[in-house]
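*Asks:* Provided herewith is a single structure, encoded as structure tokens, for subsequent inquiry.
The values are calculated or read from the model by the stated rules, or taken from the named source; none is laboratory data. All of these numbers come straight from a predicted model, not from anything done at the bench. Every residue, glycine among them, receives a Cβ derived from its backbone with ideal geometry; neighbour counts consider all protein chains shown.
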Amino acid sequence: MIRIALLLCSLFLAWGMLAVAAEGPSAALGKSLFESTTLGTNGRSCSTCHPAGKGLKKIAVYDDDQLKGIINSCISGALKGKKFTPDAQELNALLAYLRTLQKN
């Protein structure tokens with residue numbers, strides 16, 4: 001019963017991400033991805049290490065390409081996931097969300 005509930009929750013989360021993804025890369029999609037465990041294979045999310053954006057306030061010093069590299073490093077390293085291509089909608093959405101967390 002619990003497995004069915006988890007499966008249904010995962011399906012609804014995936015459906016929600018697809019619905020937002022249809023709109024293009026946005027901070028809302030980025031936030032959803034940031035909190036999702038689907039980016040990796042070890043059951044962790046970006047928010048596992050960075051709850052409420054902890055430790056990300058000074059990212060303004062990085063340009064977009066540098067920050068995309070850092071995001072991909074975290075996905076492949078900490079989350080044990082597959083890196084996104086530089087133009088991937090998901091990577092651009094994560095970038096957009098992270099930019100909302102930075103302090104100028």
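*Asks:* Considering each residue of the stretch 75-88, count those that are surrounded by fewer than 18 Cβ atoms within 10 Å (Cβ to Cβ) and either on the phi < 0 side of the Ramachandran plot or not in a loop (DSSP other than H, G, I, E, B) (or both), and give that number. Walk me through it before giving the result.
*Replies:* Kept after step one, since they are surrounded by fewer than 18 Cβ atoms within 10 Å (Cβ to Cβ), are these residues of the stretch 75-88: 76-78, 80, 82-83, 85-88.
Those still in the list that are either on the phi < 0 side of the Ramachandran plot or not in a loop (DSSP other than H, G, I, E, B) (or both) too: 76-78, 82-83, 85-88.
Adding up the residues that qualify gives 9.
*Asks:* Please specify each residue of the stretch 39-58 satisfying the condition of being in contact (Cβ under 8 Å) with a residue 40 or more places away in the chain and either among the β-branched types (V, I, T) or surrounded by 14 or more Cβ atoms within 10 Å (Cβ to Cβ) (or both).
*Replies:* Within the stretch 39-58, the subset in contact (Cβ under 8 Å) with a residue 40 or more places away in the chain is 39-41, 46, 53, 56-58.
Passing the criteria: L39, G40, T41, C46, G53, L56.
*Asks:* Name the residues in the stretch 59-74 that are crowded, with 18+ Cβ neighbours inside 10 Å and without any contact (Cβ under 8 Å) to a residue 24 or more places away in the chain, would you?
*Replies:* Matches in the stretch 59-74: N72 only.
*Asks:* Give all pairs with beta carbons closer than 9 Å in which a residue from the stretch 79-94 that is polar (S, T, N, Q) meets a residue that is modelled with pLDDT under 95 and not in a loop (DSSP other than H, G, I, E, B); count only pairs at least 6 apart in sequence or on separate chains.
*Replies:* Q89/A21
*Asks:* Another question about this same structure. Yes or no: D65 in a loop (DSSP other than H, G, I, E, B), modelled with pLDDT of 95 or more and not small (G, A, S)?
*Replies:* Judged against the criteria, D65 is not a match.
*Asks:* Considering the stretch 31-74 alone, what residues qualify as being within 12 Å of L95 (Cα to Cα), among the aliphatic types (A, V, I, L, M) and within 10 Å of the chain's Cα centre (by Cα)?
*Replies:* Result: L33, I71.
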